[in-house]
Amino acid sequence: MKLSDFDFHLPEALIATRPAKPRSSARLLLAEGNGIADRSVADLPDILRPGDRLVLNNTRVIPARLNGTRTRPGAQGEGVAKIEVTLLEPTPGGEWSALAKPLRKLKPGETIRFSDALAAEVTGIADGRLTLAFNCAGPDFDAALAEAGDMPLPPYIAALRAPDAQDRDDYQPVFARHSGAVAAPTASLHFDAPLLQALQARGVEFTEVTLHVGAGTFLPVKVDDVATHRMHAEWGEVTPAAAAAINATRAAGGRVIPVGTTALRLIESAAGADGVLHPWQGSTDIFIYPGYRFRVTDALMTNFHLPKSTLLMLVSALMGQDRIRRIYEHATNSGYRFFSYGDASLLIPDAWDSPDLPIAGA
């Protein structure tokens, strides 16, 4: 498989820069087997069945984008440079790995000041990243970051407009609980309280897992042979209760439907070759592309993804490359809105419940 196999033309006008209001009014492309139907996210209670289980990623996005200044003494007086920092993840030693623009303006030992309450010393620079030691920790750090930071909108939105106060609500799932993500699990953004209540009344069940989405989700694939691509690692957890609930659904004949590729990658990382999900905690760099055999995933709710992206490869693995090409052609021709703030799809492979199929992953 070549990278060019996952390319398609996407008009810029289809890139969503704001979400639908209300959240559940977004369009939903239902691809079940070989059929395609144009629906709404609000129709999910009519589409899903009692006993289906939605797997929700309860990670919470932190305001990881910071604008600050670096001051450096010079022959002509103090030189001041504006620095934009995007936090990536905490290090085991309590510092933060981050990206900075322009990185060339920084040296180890220098301080970047973001607000009266928040500053960080550059403790290292390597491989295009820097390590930052902040002047506060714990609740004090959380409060200072909330005051100084902006939501880390994806590059394709940030290129069209700056983040604003509205994004603090729009770019956060309503069931977000555990802070740590620097990008939203965007399929989750379509859910609101009325939709969750309607699904529950329908008999659809929910299980929460946690995968802290990293900025690496936006990194381009730079190799032509996609099988040689190396994924970024992200921290996640499947609790014993979550694993038991998902296994019970499978045993009862219900469908396990991750909401978003992040939830899917996590449960596939935690599943054994026999299709049994195990409690799990750690970093995963699982890369799913055509040829992968799914272990616990029966269907997927997800947004529409970038050309040549690992996420497009993932949905191609689930539905088949030719099928995904037809789905995306329909989406672009029908004016579906793409990417993080865009519309959704519900992808249901045609043979999900065939009794003659071997256990995925066996």
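The values are calculated or read from the model by the stated rules, or taken from the named source; none is laboratory data. Please read all numbers here as calculations on a predicted model, not as lab measurements. Using ideal geometry, Cβ is built from the backbone for each residue, glycine included, and neighbour counts are taken over all protein chains shown. Side chains included, ligands, DNA and RNA excluded: accessible areas come from the protein's heavy atoms. Shrake-Rupley method; radii C 1.70, N 1.55, O 1.52, S 1.80 Å.
Take the residues of the range 323-341 that are in contact with a Ser or Thr (Cβ under 9 Å, 6 or more places away or on another chain) and farther than 27 Å from Y171 by Cβ: which is most open to solvent (accessible area, probe 1.4 Å)?
Selected residue: R325.
Identify, please: which residue in the range 37-51 is open to solvent by less than 80 Å² (accessible area, probe 1.4 Å) and touching a strand residue (DSSP E or B) at 6+ places or on another chain (Cβ under 6 Å) and is, among those, nearest to A248 (Cα to Cα)?
Per the stated criteria, the residue is V41.
Tell me, please, whether a residue that is surrounded by 15 or more Cβ atoms within 10 Å (Cβ to Cβ), aliphatic (A, V, I, L, M) and more than 30 Å from F191 (Cβ to Cβ) can be found in the range 57-80.
No.
Only one residue in L48, L54, L103, L3 is hydrophobic (A, V, I, L, M, F, W, C) and within 30 Å of A119 (Cα to Cα). Which one?
Result: L103 is the single residue among L48, L54, L103, L3 that is hydrophobic (A, V, I, L, M, F, W, C) and within 30 Å of A119 (Cα to Cα).
Quick one: how many residues across the range 237-251 are surrounded by 22 or more Cβ atoms within 10 Å (Cβ to Cβ) and among the acidic types (D, E)?
Number satisfying all stated conditions: 0.
Being within 25 Å of Y289 (Cα to Cα) and surrounded by fewer than 16 Cβ atoms within 10 Å (Cβ to Cβ) is the filter here; which residues of the range 12-36 pass it?
E32, G33, N34, G35
Being at pLDDT 95 or above, part of a loop (DSSP other than H, G, I, E, B), surrounded by fewer than 22 Cβ atoms within 10 Å (Cβ to Cβ) and more than 20 Å from the chain's Cα centre (by Cα), is that true of even one residue in the range 213-236?
The answer is no; no qualifying residue exists.
Out of all the residues in the range 252-270, which are open to solvent by less than 10 Å² (accessible area, probe 1.4 Å) and either over 16 Å from A299 (Cα atoms) or outside any helix (DSSP H, G or I) (or both)?
The answer is R255, V256, I257, P258, V259, G260, A270.
Can you find even one residue in the range 172-193 that is modelled with pLDDT under 95, farther than 30 Å from A243 by Cα and buried (at least 18 other Cβ atoms within 10 Å of the Cβ)?
no
Just checking, how many residues over the range 118-169 are part of a loop (DSSP other than H, G, I, E, B), among the aliphatic types (A, V, I, L, M) and either surrounded by 15 or more Cβ atoms within 10 Å (Cβ to Cβ) or in contact (Cβ under 8 Å) with a residue 40 or more places away in the chain (or both)?
Residues meeting the conditions: 5.
What pairs come out if I take residues in the range 195-209 that are closer than 19 Å to R250 by Cβ and pair them with residues that are modelled with pLDDT of 95 or more and among the acidic types (D, E) whose C-beta lies under 6 Å away, six or more apart or interchain?
V204/D52
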